[in-house]
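Trainee: Below you'll find the structure I mean.
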Amino acid sequence: MTAAFITHADCARHEMGPQHPECPERLAAIHDHLLIKGLLDYMTPYDAPLATEAQLARAHSAMYVRELIASSPAEGHRQVDPDTCMCPHTVQAALRAAGAAVQATDLVLGGEASAAFCCVRPPGHHAGQASAMGFCFFNNVAVGVRHALDVHGLRRVAVIDFDVHHGNGSEDIFRGDERVLMCSIFEQGLYPFTGEGATGPNMVNVGLPTRSGGERFREAVTQRWLPALDAFAPELIYVSAGFDAHREDDMGNLGLVEADYEWVTQQLMGVARRHCEGRMISCLEGGYVLSPLARSVAAHVKVLIGAD
């Protein structure tokens, strides 16, 4: 049984204009680097299906889903917020990205894949129950998690978010859901300027000061995340895998490097082996400078698929 690599050509057709950091080239950079490193040899490729409205409505309001799909422009761009807009291909890409999370859940829980990496865009962790923002339209991880809970009948799923920006959309969706433990690390004082306050017993938020570096990051994971995860004993782990905390990425300034992403994935795989038969699903979130993004994904995937 190999790990799944889930993507789709439609995900590269979504674009938000020239020079936008969340660009189609992100996926090609990742794919090419994983190919060169030989990591794709250990993974089974899958084309992401389109998420259905019913699947999306487990994480989002049905009205929001319908209105977003209906608002797809026939040409040009439609602005959603100052940083986010839709082109004629955005909805199709967003449906594929969310569909990848559903497919990954079915493959891993069905015993057809040991783990999964969803190499998709647009990202999802800023998308709330009824809102698109921060380059995100549907919350891919949330759609996958609710599929695991409501369709597969799991009772405990953990969501890990190490993007440099707080996953406010995921928090909006999961707040108060006792079946979900969400653990996040993010840079303080950075968009979307949330996450500092405690919002419920199922949220473990750790805001780190600017230029914290790998030592502070690892300390937070060891002291805050791991005890909470072991106490929760998840049956499946989902990762909102953002790599914009890398020191070469100008979206943030935490100062992480590839070794930090490799290390945190090792810690999470340890939790997965202890509690959920090694089952872990990772979905791409941020990471906007192509070379460090590709290198960081490779460091993460190498551990995810057991090639380390």
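Trainee: Just name the residue that is surrounded by the most Cβ atoms within 10 Å (Cβ to Cβ) out of those in the range 253-288 that are outside any helix (DSSP H, G or I), more than 17 Å from the chain's Cα centre (by Cα) and not charged (D, E, K, R).
Mentor: 256
Trainee: When the range 191-243 is examined, which residues are found to be part of a loop (DSSP other than H, G, I, E, B), buried (at least 20 other Cβ atoms within 10 Å of the Cβ) and among the hydroxyl-bearing types (Ser, Thr, Tyr)? Break it down stepwise before answering.
Mentor: Start the filter on the range 191-243 by keeping residues that are part of a loop (DSSP other than H, G, I, E, B), which leaves 191-202, 209-212, 233-235, 242-243.
Subset that is buried (at least 20 other Cβ atoms within 10 Å of the Cβ): 195, 202, 212, 234-235, 242-243.
The answer is 212, and nothing else.
Trainee: Going by what's in this entry, would residue 298 be described as closer than 20 Å to residue 202 by Cα, in a helix (DSSP H, G or I) and either hydrophobic (A, V, I, L, M, F, W, C) or modelled with pLDDT of 95 or more (or both)?
Mentor: When the stated conditions are applied, residue 298 does not pass them.
Trainee: Every residue in the range 11-40 that is among the acidic types (Asp, Glu) and either crowded, with 21+ Cβ neighbours inside 10 Å or closer than 21 Å to residue 305 by Cβ (or both), please.
Mentor: Scanning the range 11-40 gives a single hit, 32.
Trainee: Report yes if some residue within the range 213-232 is touching a His at 6+ places or on another chain (Cβ under 7 Å) and at pLDDT 95 or above; otherwise report no.
Mentor: For the range 213-232, residues touching a His at 6+ places or on another chain (Cβ under 7 Å) and at pLDDT 95 or above: absent.
Trainee: Any chance the range 232-253 includes a residue that's of a type in the set (Val, Ile, Thr) and without any contact (Cβ under 8 Å) to a residue 60 or more places away in the chain?
Mentor: No, the range 232-253 has no match at all.
The values are calculated or read from the model by the stated rules, or taken from the named source; none is laboratory data. All values derive from a computational prediction rather than experimental measurement. Cβ sites come from the backbone with ideal geometry, for glycine too, and all protein chains shown count toward neighbours.
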